[in-house]
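Undergrad: Below is one structure. I have some questions about it.
The values are calculated or read from the model by the stated rules, or taken from the named source; none is laboratory data. No experiment lies behind these values; they were computed from the predicted model shown. Cβ coordinates were reconstructed from backbone atoms using ideal geometry, including for glycine residues, and neighbour counts include every protein chain displayed.
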Amino acid sequence: MAATGQTQNRMISDFADCKSLIIGIGNSGRSDDGLGWAFSESVEESELYRGDIVLRYQLQIEDADLISAYDQVLFVDAHSGRVDRGMRCELVDPHIEHSYSTHALLPGAIVGLCKELYDATPKAYILMIEGHEWDLKIGLSEIAQTNLSRALQYFQEEINQ
Amino acid sequence: MGKARKIIIDPVTRVEGHGKVTVHLDENGNVNDAFFHIVEFRGFERFIQGHPYWEAPVLVQRLCGICPVSHHLAAAKAIDQIVGIDPEDLSPVASRLRRLLHYAQIFQSHALHFFYLASPDLLFGVDAPREKRSVVQVAIDHKEIARKGILMRKFGQELIKALAGKKIHGISAVPGGVHKSFTKEERDYFLEENDTPSVDTLIEWSQSMVDFIKGYHEKNHLWLDKFAAYTSGYLGMVTPEGDLDFYDGRLRAIDAKGNITLNDVPTDDYIKYFTEAVEKWSYMKFPYLTHLGREDGWNRVGPLARLNVCDRISTPRAQQELEVFKAYTNGRPNGRTMHSHWARLIEMLHCAELMHDLLHDPLVLGTDLLRKGEQRSEGIGIIEAPRGTLIHHYEVDEKSMITKCNLIVSTTHNNEAMNRAVRWVAQNVLDKQKEITEGMLNQVEVAIRAYDPCLSCATHAMGQMPLKLSVYDHEETLVKEYVRD
């Protein structure tokens, strides 16, 4: 993950007060890989949050252009490793990524490109939600559902601060 | 006398799909042969069988995340025929909206290829360090080009979204027309400058990119003219007047000297003229003109081929650039593989002009979207996709279920051409080399990349798509392998 590794308390609390964007990353046809989308859709339905929301299969270079128009960005993605309470939110560290393939970029690379191309550095976070099943299947596993609920609760508490 | 080797490149990078290259060397290190293998298989033609015909335009576009609109529209044209509607029977509104969608797709796909995949080779050189040959480095060193590339692609994608609901795998076409009209508000977004450039700006930027490639060619013509250049046939679609047409027309093929080998035949007759060969070492087939045979009947398709076969382009700026392009080879067919990039940028300019004209046409805001006809049992839809001629053919039973599906995808037409390009690099770059450098390997990829192959389309496959190069001796023992991780 392109994050600093530093978890912060109430890090996204000013999301409601600025021009903000949630980017849900994943694929709902791959079971728990749909966590990023499920989170984004739940936030949209709950009307907790009035900023913008987009869904992505993968992050691509043009997303650098997209985020340049925002003050804050929250990337939400499924996480295949193990984290306490099934979710974790971290600050994203902007960096330049050199890879032979540019089909999929990490959040840090998008923020780095945004800085490079548009001289803009939105404050960016990644919310990682632990998933367990990745097969071709629509619907989250039971444990992913639980982790999604925790992530939504965390988000709600943060923006209600 | 050294041991014979075989070189394999797997994965081939900065292409859409997963391919592998093997180069076979003899005891003296000379290239014996080279192959471009496509190692994925999906079998879309089979599993679409048994589905109702109206699902085809929606299902088949899932072949690809880069050019789904092309599959959507080719399938829609075929399904139109099944509901008794030929292209000329579509309502003028539906016809315009489909064309607008198609031009937006070609534009964004060409932008993706040129700016994201091909430009690093041109801007930094094929021998540049590997980490430099990426669009990320383009963003750092050539910000203006990178910003233009991003916004030009964005324009196409946003227009697709406005017309089809989503940037990828949206739905616009339905049997006999389109299901959604284009509102004035939606249309006006593309006429004005906002977070995407206006269509007028798009034309200027497209022209600037054609000027860029001409300037680049002036400085690098020795390489661009020679690299992976070879003769072939060329196939594309033209109007009855011989103009380039991406959406509908007649099939024309010419040989390396410019002689007509397929004389503006109706697309519905394609099956009379084409055969597909198979080779045991690739899942991708090898189409050829039946009357010329497997050896002489293969054709290149895509931007270079289309500019070779057409007489004219209907929009003024692109026509002017076509004249310059054709003048460079004195009107003879252009077999220089790297000129594909030049041709692609001329096509982008043409698409920008076409989108401009359609966005100013009041008929695109019309509401007469659908036509009905007498149901038939067969439908054939052929369009010029970004990468070349795309053929969809369906048969249905009395219960409207698909019983047969044949797809000949653009990249498949270019299969022989890409193999020839790989062979050229093997013989001219890798031959007699004791050590194969990373820059040499990249030249194999540069030759393939010029065709902008979509290997997922060609085999109808899915998943991660990398590429590999391996070296075998004359006894077929693997000696060395170059793999990118």
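Undergrad: Of all residues in the stretch A:117-143 being surrounded by 14 or more Cβ atoms within 10 Å (Cβ to Cβ) and within 14 Å of another protein chain (Cβ to nearest Cβ), which is nearest to A:Gly86 (Cα to Cα)?
TA: Restricting to residues being surrounded by 14 or more Cβ atoms within 10 Å (Cβ to Cβ) and within 14 Å of another protein chain (Cβ to nearest Cβ), the top hit is A:Trp134.
Undergrad: Of all residues being at the interface with another protein chain (Cβ under 8 Å from one of its Cβ atoms) and crowded, with 23+ Cβ neighbours inside 10 Å in the stretch B:140-160, which is farthest from B:Leu112 (Cα to Cα)? Just the residue, please.
TA: Among those residues, the one meeting the criterion is B:Ala146.
Undergrad: A further question on this structure: I'm trying to understand the selection: among the residues of the stretch A:53-64, which are touching a helix residue (DSSP H, G or I) at 6+ places or on another chain (Cβ under 9 Å) and either at pLDDT 95 or above or within 12 Å of chain B (Cβ to nearest Cβ) (or both)?
TA: Answer for the stretch A:53-64, where residues must be touching a helix residue (DSSP H, G or I) at 6+ places or on another chain (Cβ under 9 Å) and either at pLDDT 95 or above or within 12 Å of chain B (Cβ to nearest Cβ) (or both): A:Val54, A:Leu55, A:Arg56, A:Gln60, A:Ile61, A:Glu62, A:Asp63, A:Ala64.
Undergrad: I would also like to ask the following. Of these, B:Ala104, B:Ala74, which one is touching a strand residue (DSSP E or B) at 6+ places or on another chain (Cβ under 6 Å), under 30 Å from B:Glu45 (Cβ atoms) and away from chain A (no Cβ under 14 Å)?
TA: Working: B:Ala104 fails: touching a strand residue (DSSP E or B) at 6+ places or on another chain (Cβ under 6 Å).
Among B:Ala104, B:Ala74, only B:Ala74 is touching a strand residue (DSSP E or B) at 6+ places or on another chain (Cβ under 6 Å), under 30 Å from B:Glu45 (Cβ atoms) and away from chain A (no Cβ under 14 Å).
Undergrad: Restricting the first residue to the stretch B:307-335 and requiring it to be in contact (Cβ under 8 Å) with a residue 12 or more places away in the chain, which pairs with a second residue that is in a helix (DSSP H, G or I) and polar (S, T, N, Q) meet a Cβ separation below 7 Å and a spacing of at least six or different chains?
TA: B:Arg312/B:Gln319; B:Ile313/B:Gln319; B:Arg317/B:Gln207; B:Pro333/B:Asn308; B:Asn334/B:Asn308
One line per residue, one yes/no per condition, for (1) touching an Asp or Glu at 6+ places or on another chain (Cβ under 7 Å); (2) modelled with pLDDT of 95 or more; (3) surrounded by fewer than 22 Cβ atoms within 10 Å (Cβ to Cβ):
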residue	(1), (2), (3)
B:Gly249	no, yes, no
B:Lys257	no, yes, yes
B:Val265	no, yes, yes
B:Glu279	no, no, yes
B:Thr290	no, yes, yes
B:Val309	no, yes, no
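Undergrad: Suppose the filter is over 21 Å from A:Asp52 (Cα atoms), among the aliphatic types (A, V, I, L, M), out of contact with any Cys (no Cβ under 9 Å at 6 or more places or on another chain) and surrounded by 15 or more Cβ atoms within 10 Å (Cβ to Cβ); does A:Leu148 pass it?
TA: Criteria not met by A:Leu148.
Undergrad: Ok, one more. For the stretch B:164-186, which positions are part of a helix (DSSP H, G or I) and within 27 Å of the chain's Cα centre (by Cα)?
TA: B:Ala164
Undergrad: Could you say whether any residue in the stretch B:195-212 is assigned to a helix (DSSP H, G or I), within 14 Å of chain A (Cβ to nearest Cβ), crowded, with 22+ Cβ neighbours inside 10 Å and in contact with a helix residue (DSSP H, G or I) (Cβ under 6 Å, 6 or more places away or on another chain)?
TA: For the stretch B:195-212, residues assigned to a helix (DSSP H, G or I), within 14 Å of chain A (Cβ to nearest Cβ), crowded, with 22+ Cβ neighbours inside 10 Å and in contact with a helix residue (DSSP H, G or I) (Cβ under 6 Å, 6 or more places away or on another chain): absent.
Undergrad: Determine whether B:Glu398 is in contact with a helix residue (DSSP H, G or I) (Cβ under 8 Å, 6 or more places away or on another chain) and charged (D, E, K, R).
TA: no
Undergrad: Restricting the stretch A:96-111 to residues that are modelled with pLDDT of 70 or more and within 11 Å of another protein chain (Cβ to nearest Cβ), which is surrounded by the fewest Cβ atoms within 10 Å (Cβ to Cβ)?
TA: A:Ile96
Undergrad: Tell me which residues, restricted to the stretch B:463-485, are over 21 Å from B:Gly29 (Cβ atoms) and either modelled with pLDDT of 70 or more or buried (at least 16 other Cβ atoms within 10 Å of the Cβ) (or both).
TA: B:Met465, B:Pro466, B:Leu467, B:Arg484
Yes/no matrix, rows are residues, columns are (1) closer than 30 Å to B:Phe47 by Cβ; (2) touching an Asp or Glu at 6+ places or on another chain (Cβ under 9 Å); (3) not aliphatic (A, V, I, L, M):
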site	(1), (2), (3)
B:His393	yes, yes, yes
B:Met401	yes, no, no
B:Val409	yes, no, no
B:Asn428	no, no, yes
B:Glu438	no, yes, yes
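Undergrad: Follow-up question, since we're still on this one. Taking the stretch B:112-133, which residues are in a helix (DSSP H, G or I) and more than 10 Å from chain A (Cβ to nearest Cβ)?
TA: B:His113, B:Phe114, B:Ala118, B:Ser119, B:Asp121, B:Leu122, B:Leu123, B:Phe124
Undergrad: Could you check the stretch B:225-319 for strands (runs of 3 or more DSSP E) lying wholly inside it with 1 or more residues that are in the same structural domain as B:Arg98 (by TED's automatic domain parsing) and small (Gly, Ala, Ser)?
TA: Numbers: elements: B:233-238, B:250-254, B:260-266, B:274-277, B:286-289.
In the stretch B:225-319, the matching strands (runs of 3 or more DSSP E) lie at B:233-238, B:250-254, B:274-277.
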